[in-house]
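Nothing in this text is a laboratory measurement; each read-out follows from the coordinates by a stated rule. This one's a predicted model, so the numbers in the text were calculated from it and none came from an experiment. Cβ sites come from the backbone with ideal geometry, for glycine too, and all protein chains shown count toward neighbours.
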Amino acid sequence: MKSKKRHVLVDTQGLLMEATVHATDIQDRDGGVMLMATLFGLYPFLLKLYANAGYQGAKFQQGLAHVCHSVNVEIVRRCDVGKFVVLPKRWIVERTIAWLNRCRRLSRDWECLNCNALVFLRWASVRMMLRRLCNHTS
């Protein structure tokens with residue numbers, strides 16, 4: 001079974017806005033451009049994008065400028081101090097991926113088709129959002 005990569009776009013609360021799933025032979029920067037190309041103006045208020053070092057480089061910047069003109073990218077680099085350091089904004093996506101991996105179908109690559117893997121990723125996200133709504137007490 002071939003493995004898959006997931007690229008997720010989340011808001012500051014860690015809720016899934018958009019996702020894409022593809023084979024692992026595609027570079028992160030190309031997958032990031034593919035993710036942003038799926039938006040087609042869905043989020044015109046999106047002005048700033050935080051990404052890890054896998055998305056740095058001129059190729060990603062050019063592809064993103066071609067797809068989303070007004071989005072500014074800030075690369076959040078990992079700290080190589082040797083001890084764990086919480087980096088601003090980077091932990092939001094990592095936390096979301098950890099929440100989504102609680103779902104049994106997402107903990108491993110069970111799905112053969114990328115579209116099925118994407119459906120289960122979105123389903124787990126909907127489930128997570130509903131649990132937040134139902135458990136909310138004010």
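Report yes if residue 45 is free of Cβ contacts under 8 Å to residues at least 24 places away in the same chain and either within 25 Å of residue 88 (Cα to Cα) or not polar (S, T, N, Q) (or both), otherwise no. Answer is yes for this residue. Considering the range 32-72, the residues that are of a type in the set (Val, Ile, Thr) and within 15 Å of residue 8 (Cα to Cα) include one that is surrounded by the fewest Cβ atoms within 10 Å (Cβ to Cβ), namely 38. If only residues of the range 84-138 that are among the acidic types (Asp, Glu) and surrounded by 14 or more Cβ atoms within 10 Å (Cβ to Cβ) are counted, the one that is nearest to residue 4 (Cα to Cα) is 109. Taken over the range 1-31, the criterion of being of a type outside the set (A, V, I, L, M, F, W, C), in contact with a Ser or Thr (Cβ under 8 Å, 6 or more places away or on another chain) and surrounded by 14 or more Cβ atoms within 10 Å (Cβ to Cβ) is satisfied by 4, 5, 6, 7, 14, 18, 20, 31.
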